[in-house]
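Undergrad: Structure below; questions to follow.
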Amino acid sequence: MARSRIYTRKGDQGTCQLIGGLRVRKDENRVDCYGTFDEACSFIGLLRVRMDKEHPMQNHMAQIQRNLMELMAVVANAPNSTSEKAFSEQHTKEVESWIDETEKLVGEKPNFFLLPGGCETAALSHVIRTVIRRAERTLSRLNQSSPVQPSVLSYTNRLSDFFFLFSRFENSRNQIAEEPWTAS
């Protein structure tokens, strides 16, 4: 019986296959886009490891990872693919409810810029927020050439807001004061 290998050698010339079978260059915007979401999902995995197993938002983080896997599958579909699935608007509504809950706990948005940092989980949350913002920029470029489901765009925008609030939540839980940025 032949064993299955992880490598196929099909990408050795700088191409990869989208869902639906189309081969594209690995530096194509669609690939960059889902790759950036993959990076965010991996950082969320690291954040979850750094959070207590009983953390009140552990389940939210796991759900976000599942949603990002679904989102990546939507983005990785070849244009006009018959296998494209819809990304639920309910995902955005869910994140909005988490944002609303978290805002009640940490208070209103400060009227100054915050320096990323504080405790380790807050700092990591800022890293995730910036990776998601980068994913959003690649998604915006992709949307110009190949329209993206509006639910994917809104979810991504909400997600970076959530991670900003989560960083504030973590610093508050750990009794670490927010550090405002001041111009020199």
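Undergrad: Starting from the stretch 145-156, take each residue that is more than 12 Å from Q90 (Cα to Cα) and list its partners that are among the aliphatic types (A, V, I, L, M) and outside any loop (DSSP other than H, G, I, E, B), counting only C-beta distances under 7 angstrom and pairs at least six apart or across chains.
TA: Listed pairs, sorted by first residue: V148/L139; V148/L142; Q149/V74; L153/L139; T156/I132; T156/A135; T156/L139.
Undergrad: Then there is this: Taking the stretch 41-82, which residues are over 30 Å from G117 (Cβ atoms) and either open to solvent by 50 Å² or more (accessible area, probe 1.4 Å) or at pLDDT 95 or above (or both)?
TA: Passing the criteria: E70, P79, N80, T82.
Undergrad: Scan the stretch 176-184 and give yes if some residue there is assigned to a helix (DSSP H, G or I) and either polar (S, T, N, Q) or surrounded by fewer than 20 Cβ atoms within 10 Å (Cβ to Cβ) (or both), otherwise no. Break it down into steps so the answer makes sense when it comes.
TA: Start the filter on the stretch 176-184 by keeping residues that are assigned to a helix (DSSP H, G or I), which leaves none.
No, the conditions are met nowhere in the stretch 176-184.
Undergrad: Just checking, how many residues over the stretch 109-118 are open to solvent by 20 Å² or more (accessible area, probe 1.4 Å) and either in contact with a helix residue (DSSP H, G or I) (Cβ under 6 Å, 6 or more places away or on another chain) or closer than 18 Å to E39 by Cα (or both)?
TA: 2
Undergrad: If you don't mind, there's one more thing I want to ask. With the structure loaded, tell me whether E103 is in contact with a helix residue (DSSP H, G or I) (Cβ under 8 Å, 6 or more places away or on another chain), over 18 Å from L47 (Cβ atoms) and surrounded by fewer than 17 Cβ atoms within 10 Å (Cβ to Cβ) or whether it fails that test.
TA: Against the criterion (in contact with a helix residue (DSSP H, G or I) (Cβ under 8 Å, 6 or more places away or on another chain), over 18 Å from L47 (Cβ atoms) and surrounded by fewer than 17 Cβ atoms within 10 Å (Cβ to Cβ)), E103 qualifies.
Undergrad: So the check is Cβ under 9 Å with 6+ separation or different chains; which pairs have a first residue in the stretch 129-140 that's open to solvent by 50 Å² or more (accessible area, probe 1.4 Å) and a second one that's of a type in the set (D, E) and part of a helix (DSSP H, G or I)?
TA: Cβ pairs passing all conditions: R129/D161; R134/E39.
Undergrad: While we're looking at this one, here's another question. Among the residues of the stretch 45-89, what is the count of those that are small (G, A, S) and not in a loop (DSSP other than H, G, I, E, B)?
TA: Of the residues in the stretch 45-89, 3 are small (G, A, S) and not in a loop (DSSP other than H, G, I, E, B).
Undergrad: Please verify whether T156 is hydroxyl-bearing (S, T, Y) and open to solvent by 60 Å² or more (accessible area, probe 1.4 Å), treating the condition exactly as stated.
TA: No: the conditions fail for T156.
The values are calculated or read from the model by the stated rules, or taken from the named source; none is laboratory data. As the structure is a prediction and not an experimental result, all values here were calculated from the model. All Cβ positions, glycine included, derive from the backbone under ideal geometry; neighbour counts span all protein chains shown. Side chains are part of the model used for accessible areas, which takes the heavy atoms of the whole protein and leaves out ligands, DNA and RNA. Shrake-Rupley method; radii C 1.70, N 1.55, O 1.52, S 1.80 Å.
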